[in-house]
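Worksheet: one structure, shown below.
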Amino acid sequence: METHVLIIGGGIAGLSLAWQLAPAFPVIVVEAEETLAYHTSSRSARQMQPSYGPAPIQELTHRSIALVEQISAGLSSPILMPRLMMTLGTEAQVQALVDTHTSLTALDHAQTMHRSPDLRPETFEAAALDETAREVDVPALLDFYRREAVAAGAVVLTGHAVTEVEAAGTGFTATAGGQKFTARIVVNAAGAWADDVARMAGARPRGLRPYRRSVAIVPTQFPVDPAGPMVEPADESFYYRPDGGHLLISPCESVLAEPGDAQVVEADIAQLIQRIDAVTTLGITGVVRAWTGLRTQPADGLPVVGMDADVPNFFWLAGQSGYGIQTSAALATMAAQLVTGTLPDEDSALAASLSPQRAGLN
Ligand SMILES: Cc1cc2nc3c(=O)[nH]c(=O)nc-3n(C[C@H](O)[C@H](O)[C@H](O)COP(=O)(O)OP(=O)(O)OC[C@H]3O[C@@H](n4cnc5c(N)ncnc54)[C@H](O)[C@@H]3O)c2cc1C
């Protein structure tokens, strides 16, 4: 099959870029698994939190929330809802957070208890509140990206693992699912496998490493307020939030792993339940289900986005770590502008901070 852009990876990165590029070029997305977004993109906490992450991530998150609000407004039911984020700590910790993040406001002890009456009052002094944080319906967002891409002419193939990529003339030939493809541009949106795909194409790996993180859905003895905030301590050692009448909880572990189908370590969830029972009066009574995904990032923790300087027309869209959902719409927009050479001048510093050529990637 012949195309202009071959996107390797059918997670949120690959599908969002297909949404942006398909109106301009023939695009084929090839996904190794039989199901799109089988790996990290279907295993997130579905949160978009502007106060989370380094400055480039915060900027991309603000922009993505605005874009997803527009997307949501055009759909039959909303896919973005308020899910305030509350960070608990000492008064000094909260002041330090509020001083460094413009989207945070300080709550004193009484205000925090009012927002979240299930907290054990002796476990914190104050909280920082991010009222701009949102919860997003990720399956609906993924489906929007896929549908729009296909409506604009993109072809999305599952069960097509890319096993070979070779530079050929001004483009590439690739083999996926036993089929041959030729493309002018190859996009590496392969998540935890991005460095493997780079090696296949003759590009230098950028030190992208997958770290596992788990989430569980747990029932509670006392009812969970469905409109309650997401809550974490200042050291970010766990979080919980309401989820369909239960609690969604995470131990926030970050453990180096191999690319693959990440599996839950049950002891992590058991310890987490004890920790959450120590800070709330909700009383966790079991585990409905739990899952683990891989957050992939390079040494400096920022995504790797842009053309590879040494392998012409090999484009990186990888390393989104724990921010791939909350940045997807704006990151795909910027990636498409980089592919088409239409990046606005005012975004050149932001793009440079994510460039595959930046120092310290190996
Ligand atoms: C527990 C957890 C909670 C999270 N919570 C949040 C959150 O609240 N908010 C947020 O913004 N982010 C969150 N994240 C991070 C977010 O989920 C990721 O940043 C994002 O999903 C990465 O998307 P991706 O498309 O790059 O990767 P993936 O979804 O992993 O997609 C990459 C795809 O490439 C395919 N692939 C690999 N090699 C090949 C090949 N050779 N040929 C064809 N296909 C190939 C894979 O099969 C895979 O489907 C969380 C992550 C975890 C683990």
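The values are calculated or read from the model by the stated rules, or taken from the named source; none is laboratory data. Since the model is a prediction, treat every value here as computed from it, not as a measurement. Cβ coordinates were reconstructed from backbone atoms using ideal geometry, including for glycine residues, and neighbour counts include every protein chain displayed. Areas reflect the complete protein model, heavy atoms only, side chains present, ligands, DNA and RNA absent. Shrake-Rupley method; radii C 1.70, N 1.55, O 1.52, S 1.80 Å.
Table for the structure above
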item: Filtered residue count, segment 325-362, keeping only those that are surrounded by fewer than 17 Cβ atoms within 10 Å (Cβ to Cβ) and in a loop (DSSP other than H, G, I, E, B); result: 8
item: The listed residue being within 12 Å of the ligand (Cβ to nearest atom) and either surrounded by 15 or more Cβ atoms within 10 Å (Cβ to Cβ) or touching a residue at least 24 places away in the same chain (Cβ under 8 Å) (or both), out of 304, 279, 265, 287; result: 304
item: Test: residue in segment 291-298 that is closer than 23 Å to residue 231 by Cβ and either of a type in the set (S, T, N, Q) or away from the ligand (no atom under 13 Å from the Cβ) (or both); result: yes
item: Any strands (runs of 3 or more DSSP E) falling wholly within segment 71-187 and containing at least 2 residues that are charged (D, E, K, R); result: 134-136, 162-168
item: Which listed residue, of 196, 235, is surrounded by fewer than 21 Cβ atoms within 10 Å (Cβ to Cβ), over 26 Å from residue 357 (Cβ atoms) and either away from the ligand (no atom under 11 Å from the Cβ) or not β-branched (Val, Ile, Thr) (or both); result: 235
item: Qualifying residue in segment 317-324 (condition: surrounded by 17 or more Cβ atoms within 10 Å (Cβ to Cβ), within 12 Å of the ligand (Cβ to nearest atom), farther than 30 Å from residue 20 by Cβ and in contact (Cβ under 8 Å) with a residue 60 or more places away in the chain); result: no
item: Test result for residue 61, touching a helix residue (DSSP H, G or I) at 6+ places or on another chain (Cβ under 8 Å) and within 13 Å of the ligand (Cβ to nearest atom); result: yes
item: Qualifying residue in segment 63-79 (condition: touching a Ser or Thr at 6+ places or on another chain (Cβ under 6 Å), within 25 Å of residue 139 (Cβ to Cβ) and surrounded by fewer than 24 Cβ atoms within 10 Å (Cβ to Cβ)); result: yes
item: Subset tally (residues that are touching an Asp or Glu at 6+ places or on another chain (Cβ under 8 Å) and assigned to a loop (DSSP other than H, G, I, E, B)) for segment 12-25; result: 1
item: Checking residue 50 against (1) near the ligand (Cβ under 10 Å from one of its atoms); (2) within 14 Å of the chain's Cα centre (by Cα); (3) not in a helix (DSSP H, G or I), the condition it does not meet; result: (1)
item: Options 111, 179; residue that is without any contact (Cβ under 8 Å) to a residue 60 or more places away in the chain and surrounded by fewer than 19 Cβ atoms within 10 Å (Cβ to Cβ); result: 111
item: Extreme residue, nearest to residue 319 (Cα to Cα), among residues of segment 19-43 that are open to solvent by less than 30 Å² (accessible area, probe 1.4 Å), within 11 Å of the ligand (Cβ to nearest atom) and among the small types (Gly, Ala, Ser); result: 41
item: Members of segment 1-11 that are hydrophobic (A, V, I, L, M, F, W, C), in contact with a helix residue (DSSP H, G or I) (Cβ under 9 Å, 6 or more places away or on another chain) and part of a loop (DSSP other than H, G, I, E, B); result: none
